[in-house]
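Undergrad: This structure is in structure tokens; I'll ask about it shortly.
Derivation of every value follows stated rules applied to the coordinates shown; laboratory data play no part. Nothing here was measured: the structure is a model prediction, and the numbers come from that model. Cβ placement follows ideal geometry from the backbone for every residue including glycine, while neighbour counts extend to all protein chains displayed.
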Amino acid sequence: MNQSNQIRKTALYCRLSQDDGIEGDSNSIQNQKAILQKFAEDHHFPSPCFYVDDGFSGGTFQRPAFQKMISDMENGEIGIIVTKDLSRLGRNQLHTGLYIEERFPMFGVRYIAINDNVDTDSSESNDLMPFKNLFNEWFIRDTSRKIRAVLKAKAERGERLGTRAPYGYRKDPGTKKLIVDDEAAAIVRRIFAMCASGSGPSQIARILKKEQILTPTMYAYTRYGITHTCLDTAHPYNWSDSAIANLLENEIYLGNTINMKHSSRSYKDKRRVEHPREECLVFENTHPAIITREVWDVVQRVRKNKRRLTKMEEQNKYSGLVFCADCGSNMVLHRAHTMSASYNHFTCRTYKKDGEACTGHYIRECVLDEVVLEDLRRVTAMAREHPEKFAAYIGSRQSTELQREIRRQEKELAAMRKRKAELDTIFKKLYEDSVLGRITTEQFQMLSGSYTEEQNQIAAGIPQKEMDIQRLRETVSGTDGFLDRAKRYTDIAELTLELLRLFIEKIVVHEKEVKWSKHAPQTVEIYYNGIGYVGSGRQDVEEAPEAPEPQQTQDTEKPRQAS
């Protein structure tokens with residue numbers, strides 16, 4: 001042992017992952033510490049100290065204690081590194097060998113793996129080391145394959161793969177199934193209710209923080225003693241807008257189990273890959289729901305048309321709902337800041353950008369409130385007073401419109417399939433010309449490039465189009481749901497954001513027959529969720545003779561473009 005090793009300390013490194021549990025207690029942290037401590041004492045190694053990574057896979061070297069040990073080594077503080085065996089250092093053959101054969105010698109560090117009889121000060125003991133590292137990597141690869149197979153089988157059976165119960169639920173001690181946690185579920189329902197009423201994730205997070213509501217991780221820790229990597233005991237009420245947004249988009253609260261939503265690329269690359277819902281395994285009604293489907297749909301419509309706060313800290317309740325009848329773009333709300341709020345008005349977004357491309361379709365917000373409220377009362381009253389006639393009318397109209405849309409989509413699908421076949425023929429012809437020397441390789445690459453891009457777009461578009469057609473064919477009239485809502489809302493006193501999202505799909509504003517006229521009729525078509533347009537929306541409204549000047553208004557929102 002050289003003089004430098006006598007001065008520098010000895011690092012006793014321990015590591016244990018969940019996968020190592022199948023080998024019994026021999027790899028436990030306590031057992032590793034006892035073996036390493038005795039070995040250091042027997043060999044009189046100087047200043048032994050432990051570096052422990054408990055619960056970290058050997059497939060990665062991004063472990064906190066290991067990185068701290070490497071940092072101390074690079075600072076010249078460590079002369080010897082000892083592990084129980086090679087697998088404790090790591091199970092990645094390439095990286096483990098790199099540390100042992102290059103990094104450790106570079107800093108004059110002696111490495112010892114006790115059970116594998118590896119000592120870098122003895123060249124003879126290292127002959128079999130590459131093979132042992134290879135077997136260690138095979139072990140983690142085989143374990144990963146077995147775990148993936150087990151998880152896939154559980155996912156296909158509809159069993160939930162998560163180890164922790166989500167916020168709002170707890171696990172039944174006997175069956176381990178999810179049951180409602182009444183205290184947390186009340187907060188979940190309140191979060192959904194606040195979102196349905198127009199509050200965004202940031203606002204909801206501020207409210208919960210102000211009221212000192214425990215965060216989900218802190219609640220699980222204080223109530224059940226469950227720890228989490230994101231647990232922050234120093235800030236128990238620090239709700240984040242991302243946590244609220246994730247909660248509002250989690251179908252678990254509908255009583256559904258979504259499996260295979262995420263995966264990792266391999267046992268070496270643990271980065272999560274998120275899959276679209278179409279590729280996930282969805283099982284409905286697997287546990288008690290906290291949120292009703294109606295509330296869920298309202299919240300998703302609100303989330304789809306995300307709004308930003310204005311300088312007046314007010315929100316446009318019509319965000320994403322009002323459209324121009326001529327160009328199809330969203331209507332933009334302008335708020336008056338030097339005059340009465342009665343001058344708040346909508347204009348066509350296209351007209352706002354390019355006055356020659358469309359017209360203003362000017363309508364005041366207060367007038368639109370009256371029109372929508374009156375029509376909402378009219379339609380819900382029709383549904384309550386004459387439910388059978390109402391259902392028959394909606395059903396017959398939906399059937400006609402649905403068949404027309406299905407035919408249109410099927411024509412588009414047929415055209416896509418025809419074009420795909422044409423591209424296949426073109427590629428065969430190009431390939432033959434290239435092989436026979438009729439065109440050069442450069443010409444083949446140039447010609448095939450654009451065709452390849454088009455082919456990829458069509459290949460991705462055909463499955464989506466098929467899904468759209470299937471969804472239309474499976475569409476069932478939403479009349480029953482609308483009738484249920486109409487019966488519950490018998491006295492609609494004012495127009496709220498929640499009512500708008502619950503009943504209204506979109507509002508289409510036509511231009512007046514005489515622009516800026518006080519008395520010219522203006523058509524406003526109101527489309528209801530599940531049933532579409534019901535009757536005439538033509539309204540005779542009184543407007544100001546002309547819109548306020550641009551300098552008197554403030555553009556407070558730019559809604560999303562209509563899809």
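Undergrad: Once label points are set 7 Å from the Cα along Cα→Cβ at both SER197 and ARG438, what is their separation, rounded to one decimal in nm?
TA: Calculated label separation equals 7.2 nm.
Undergrad: What length, rounded to one decimal in nm, is gained on full extension from SER263 through to ASP172, with 0.36 nm per residue of separation minus their alpha-carbon distance?
TA: Details: separation 91, 0.36 × 91 = 32.76 nm, distance 2.67 nm.
Between SER263 and ASP172, full extension yields an extra 30.1 nm.
Undergrad: Turning to a different aspect of this structure: What length, rounded to one decimal in nm, is gained on full extension from TYR431 through to TYR489, with 0.36 nm per residue of separation minus their alpha-carbon distance? Mind showing how you got there, number by number?
TA: Values: separation 58, 0.36 × 58 = 20.88 nm, distance 6.63 nm.
Length gained between TYR431 and TYR489: 14.3 nm.
Undergrad: Using a Cα distance threshold of under 30 Å, what count of lysine pairs results for segment 169-304 when pairs must be 8 or more residues apart or interchain?
TA: Lysine pair count for segment 169-304: 13.
Undergrad: I would also like to ask the following. Would you work out the relative contact order for the chain, in percent, from Cα pairs under 8 angstrom that are 6 or more residues apart? It would help to have the intermediate numbers written out before the result.
TA: Working: 777 pairs, mean separation 61.2, N = 563.
Result for the chain is 11 percent.
Undergrad: Take the Cα pairs of segment 3-143, get the Kirkwood Rh, then feed it into Stokes-Einstein at 10 °C and 1.306 mPa s and tell me D in µm²/s.
TA: Taking Rh from Cα pairs, D becomes 106 µm²/s.
Undergrad: What distance in nm separates the simple spin-label points at HIS44 and LYS518, each placed 7 Å from Cα in the Cβ direction?
TA: Distance between label points: 11.0 nm.
Undergrad: Here's something else I'd like to know. Between THR229 and GLU356, what's the calculated FRET efficiency when r is the beta-carbon distance and R0 is 60 Å? Round to 0.05.
TA: It comes to 0.60.
Undergrad: Spin-label point model (7 Å from Cα, Cβ direction): what's the SER340 to CYS366 distance in nm?
TA: Reported label-point gap for SER340 and CYS366 is 0.4 nm.
Undergrad: Another question about this same structure. Say R0 is 60 Å: what FRET efficiency, to the nearest 0.05, do ASP424 and GLN62 get from their beta-carbon distance? Walk me through the numbers before you get to the answer.
TA: Working: r = 46 Å, r/R0 = 0.76.
Once the sixth-power term is evaluated, E becomes 0.85.
Undergrad: Restricting attention to segment 322-388, which GluC sites (Glu not before Pro) occupy a DSSP loop and are surrounded by at most 11 other Cβ atoms within 10 Å?
TA: GLU356
Undergrad: I want the local charge near ASP369. Using Cβ-Cβ distances under 13 Å, sum +1 for each Lys or Arg and -1 for each Asp or Glu among the other residues.
TA: Around ASP369, the surrounding residues sum to -2.
Undergrad: I need the peptides 343-349, 195-201 ranked by packing, meaning the mean over residues of other C-beta atoms within 10 angstrom, with the highest value on top.
TA: 343-349, 195-201
Undergrad: Cα gyration tensor of segment 102-180, axes a ≥ b ≥ c as square roots of the eigenvalues: rounded (a/c below 1.5), prolate (a/b > b/c) or oblate?
TA: Values: a/c = 4.37, a/b = 2.76, b/c = 1.58.
Because a/c hits 1.5 or more and a/b exceeds b/c, segment 102-180 counts as prolate.
Undergrad: At a Förster distance of 22 Å, what's the computed FRET efficiency of LYS33 paired with ASP72, Cβ-Cβ distance as r, to 0.05?
TA: Working: r = 18 Å, r/R0 = 0.84.
Result of the calculation: an efficiency of 0.75.
Undergrad: Calculate how large, on average over all directions, the projected area of the Cα convex hull of segment 169-304 is; give the answer in nm² to one decimal. Don't skip to the answer; put the middle values down first.
TA: Numbers: hull surface 39.0 nm².
If I average the Cα hull's projected area over directions, I get 9.7 nm².
Undergrad: Restricting everything to alpha-carbon atoms, can you work out Rg to Rh for the chain with a Kirkwood hydrodynamic radius?
TA: 1.10
Undergrad: Can you work out the base-10 log of I(q)/I(0) for segment 125-234 at q = 0.14, 0.16, 0.18 1/Å, using the Debye formula on its C-alpha atoms alone?
TA: -0.79, -0.90, -1.01
Undergrad: Subtract the Cα-Cα distance of SER123 and GLU156 from 0.36 nm times their separation in residues, and report this length gain in nm to one decimal. Write down the numbers at each step before the final one.
TA: Values: separation 33, 0.36 × 33 = 11.88 nm, distance 5.12 nm.
Extending this stretch completely gives an extra 6.8 nm.
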